[in-house]
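Participant: Structure incoming, see below.
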Amino acid sequence: MPPRPDGPEEVTISGDDDVVRVRQLVRVYAQRAKLSLVDQTKLVTAASELARNTLVYGGGGTALVEEVDDGRRTGVRASFRDEGPGIPDLTLALADGWSSGKGLGLGLSGARRLVDHFELDTEVGRGTVVTVVKWKR
């Protein structure tokens with residue numbers, strides 16, 4: 001999925017205001033990609049949860065948002081990267097209904113259900129990268 005010519009935008013996540021900025025940026029990209037209102041809301045909700053996780057559990061990090069095109073369809077990709085402690089129990093973290101209670105209550109599994117593509121790379125002591133994509137229908 002190569003980025004579209006508009007190019008990606010990166011936001012540093014180091015406080016609550018940055019979580020809001022990520023949410024707003026994702027909405028702009030979702031509108032630009034002409035996602036339906038329902039799909040915009042799903043993507044923005046997932047991105048908000050992931051940005052909050054980046055801040056709370058990863059100690060801050062970055063979000064990279066871009067339009068993507070796979071030759072058949074267009075969409076929006078958002079990647080969240082931190083250099084925090086990593087996720088020690090990935091099975092638990094991805095379990096349906098599990099949440100630490102500090103985010104929106106969605107947990108990673110909830111965010112995963114809201115998007116079309118969900119990829120998580122984590123290692124204890126190295127940090128976490130979560131990438132999501134929502135495609136235009």
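None of the figures in this text is laboratory data; all of them are computed from the coordinates on show. Quantities reported herein were computed from a predicted structural model and do not represent experimental measurements. Methodologically, a virtual Cβ is constructed for each residue, glycine included, from the backbone with ideal geometry; neighbour enumeration extends over all protein chains shown.
Participant: I need to check one value: relative contact order of region 9-135, counting alpha carbon pairs closer than 8 Å and at least 6 residues apart, in percent.
Facilitator: Answer for region 9-135 is 26 percent.
Participant: A further question follows. What GluC sites (Glu not before Pro) does region 1-87 have in DSSP loop regions with at most 15 other beta carbons within 10 Å?
Facilitator: Sites meeting the loop and neighbour criteria: Glu83.
Participant: Across the chain, how many lysine pairs, 8 or more positions apart or on different chains, have C-alpha atoms separated by under 17 Å? Please give the number.
Facilitator: Counting lysine pairs in the chain gives 5.
Participant: Fully extended, how many nm does the chain gain between Leu94 and Lys34 (0.36 nm per residue separation, minus their Cα-Cα distance)?
Facilitator: 18.6 nm is the gain from fully extending Leu94 to Lys34.
Participant: Kindly provide the helix-only [θ] at 222 nm of the chain, computed as the sum of -39,500 (n - 2.57) over DSSP H runs of four or more divided by all residues, to the nearest 500 deg cm²/dmol?
Facilitator: Helix-only estimate at 222 nm: -11000 deg cm²/dmol.
Participant: Can you list the HN-Hα couplings for region 73-86, worked out from phi with the Karplus curve (6.51, -1.76, 1.60; θ = phi - 60°), rounded to whole Hz and with x for Gly and Pro?
Facilitator: So the Karplus estimates, Gly and Pro as x, are 7, 10, x, 10, 10, 10, 10, 10, 10, 9, 10, x, x, x Hz.
Participant: A follow-up question, please. Just the C-alpha atoms of the chain: what Rg/Rh do they give, with Rh taken as the Kirkwood radius?
Facilitator: 0.95
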